[in-house]
Amino acid sequence: MFGGIIMHRKKVLVTGSSRGIGRACALAFAEAGYHVFINCRNSIDRLDSLEREILDIGGTCTKIPGDAGRPDEVRSMFQVISKSGTSPSTGGLDVLVNNAGISHFGLLSDMTDEEWKTVMDTNLSSVFYCCREAVPYMVSRKQGRIINISSIWGVSGASCETAYSASKAGLNGLTQALAKELAPSNIQVNAIACGVIDTEMNARLDEEERNALREEIPAGRFGTPEEAAKLVLLLAEAPAYLTGQIIRMDGGLI
């Protein structure tokens, strides 16, 4: 950056980039030469650490903390992004990675209204809010990529993860519908339905549960955030004819 203006780099926003898949994505895009807008809701210390790591590898980034599940905060985030170009016509994103997400494990009958709303706001509404802000700029340029981080449980459903499964199923539907809507503008929208990735989201599992789950996976192991990030980067650079796809990355689990 020079004087707050980003020069000669493609720009990507990765929501929920303080940890896990989001962090790996931010680093992968930085290494590939993108300017990365990094975001999280609460873990500012982790965002600071990610910023230092990106700078250490010669990358550039801008921190835009905020809750992607709240429309006013998303508008504020995109105000920062819109001022990042050399002119209004360059102040937007080339790639949007909707990664922010949370899980909830428990019986449906025990779930509160607030818990349901929080999962839906974080996993699904956030994607709507971010896409709504990002799309006009992409349409004006007749190019752009939107990549949504989904889950295999949005395809097949998971017991005791009803809200999470429903939010990811909704995300898959949003992906396919928006891809059709934006294809005439040469904007590609795809989702990655991740299987069991070795992140903090799966930290609730004890070693016995991890071993049992690992035995169900034909690949014999959990995926890594770095593997997911590689696929995200590939989609950002994939042929333009690839759109509206829910791509499973699950080691053959389903």
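So the values come out like this:
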| read-out | value |
| --- | --- |
| Residue among S125, S103, S150 that is part of a strand (DSSP E or B), under 19 Å from the mean Cα position of the chain (by Cα) and hydroxyl-bearing (S, T, Y) | S150 |
| Tally, over the range 33-85, of residues that are assigned to a loop (DSSP other than H, G, I, E, B) and not small (G, A, S) | 11 |
| Members of the range 212-237 found to be surrounded by 14 or more Cβ atoms within 10 Å (Cβ to Cβ) and not in a helix (DSSP H, G or I), listed by number | I217, F222, G223, T224 |
| Unmet criterion (only one of (1) polar (S, T, N, Q); (2) open to solvent by 40 Å² or more (accessible area, probe 1.4 Å); (3) assigned to a helix (DSSP H, G or I); (4) without any contact (Cβ under 8 Å) to a residue 24 or more places away in the chain) for S159 | (3) |
| Residues satisfying the stated conditions in the range 32-46, i.e. aliphatic (A, V, I, L, M) and touching a Leu at 6+ places or on another chain (Cβ under 9 Å) | A32, V36, I38 |
| Answer residue from the range 173-211, given it is of a type in the set (S, T, N, Q) and assigned to a loop (DSSP other than H, G, I, E, B) and is surrounded by the fewest Cβ atoms within 10 Å (Cβ to Cβ) among those | N186 |
| Residues within the range 142-156 that are polar (S, T, N, Q) and open to solvent by less than 30 Å² (accessible area, probe 1.4 Å), tallied | 3 |
| The listed residue being touching a residue at least 12 places away in the same chain (Cβ under 8 Å), closer than 21 Å to V12 by Cβ, open to solvent by 20 Å² or more (accessible area, probe 1.4 Å) and among the aliphatic types (A, V, I, L, M), out of V127, V139 | V139 |
| The range 162-205, residues that are acidic (D, E) and either at positive phi or in contact with a Ser or Thr (Cβ under 7 Å, 6 or more places away or on another chain) (or both) | D198 |
| Residue match in the range 153-160 (condition: of a type outside the set (G, A, S) and either within 17 Å of C131 (Cα to Cα) or at pLDDT 95 or above (or both)) | yes |
| Every residue from the range 49-94 that is over 26 Å from S185 (Cβ atoms) and open to solvent by 60 Å² or more (accessible area, probe 1.4 Å) | R52, E53, L55, D56, I57, K63, P65, R70, D72, E73 |
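The values are calculated or read from the model by the stated rules, or taken from the named source; none is laboratory data. Treat the numbers as computed from the prediction; the structure is a model and nothing was measured. Methodologically, a virtual Cβ is constructed for each residue, glycine included, from the backbone with ideal geometry; neighbour enumeration extends over all protein chains shown. Heavy atoms of the whole protein, side chains included, go into the accessibility calculation; ligands, DNA and RNA do not. Shrake-Rupley method; radii C 1.70, N 1.55, O 1.52, S 1.80 Å.
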